[in-house]
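To keep things clear, I will list the structure first and then write my remarks on it.
The values are calculated or read from the model by the stated rules, or taken from the named source; none is laboratory data. This structure is a prediction, so every number in the text was calculated from the model and none was measured. Please note: Cβ atoms are built from the backbone with ideal geometry, for glycine as well, and neighbour counts cover all protein chains shown. Surface areas here come from the heavy atoms of the whole protein model, side chains and all, with no ligands, DNA or RNA. Shrake-Rupley method; radii C 1.70, N 1.55, O 1.52, S 1.80 Å.
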Amino acid sequence: QVQLAESGGGLVQPGGSLRLSCAASRSILGFLSVGWYRQAPGKQRELVAASTSGGGTNHAGAVKSRFTISRDNAQDTVYLQMHTLRPEDTAAYYCDARTAVKEYWGQGTQITVSS
């Protein structure tokens, strides 16, 4: 069983920055992709950003130019650097890792953007 442990969430003022980390219990090179999703109250879970094993990245339109996904394969960790946070970024953020046959989720970390 794969464990994904997120950290780095919290309360931040609009315009602020945060960095989320997702530490995997096994090599992330074994996943087709690793990424971040978020879910706000009353809304569906949505993709924020993903990184493929081939080195490609994908960022949702709402976060492009503000958020950046990166990975440290040696540390089996995926990061989400977030800048210029907005109240609408408030959500629970989940780490996701996928193989061809299975998907794994972390427990989530809450980000609240408020003054």
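Between Thr84, Thr99, the distinction of being at positive phi and in contact (Cβ under 8 Å) with a residue 24 or more places away in the chain belongs to Thr84 only. Residues in segment 10-32 that are within 28 Å of Val101 (Cβ to Cβ) and within 12 Å of the chain's Cα centre (by Cα) were compared, and the one that is most open to solvent (accessible area, probe 1.4 Å) is Ala23.
For Ser53, the criteria (1) modelled with pLDDT of 95 or more; (2) open to solvent by 40 Å² or more (accessible area, probe 1.4 Å); (3) touching a strand residue (DSSP E or B) at 6+ places or on another chain (Cβ under 8 Å) hold in every case but one, which is (1). Looking at segment 101-112, can you tell me whether even one residue there is among the basic types (Lys, Arg), open to solvent by 30 Å² or more (accessible area, probe 1.4 Å), over 24 Å from Pro14 (Cα atoms) and not in a strand (DSSP E or B)? The answer is yes; a qualifying residue exists.
Do we find that Leu80 is surrounded by 13 or more Cβ atoms within 10 Å (Cβ to Cβ) and among the aliphatic types (A, V, I, L, M) in this structure? Answer is yes for this residue. I'd like to check something: does segment 61-79 contain any residue that is touching a residue at least 60 places away in the same chain (Cβ under 8 Å) and either in contact with a Lys or Arg (Cβ under 9 Å, 6 or more places away or on another chain) or assigned to a strand (DSSP E or B) (or both)? Yes - at least one qualifying residue is present in segment 61-79.
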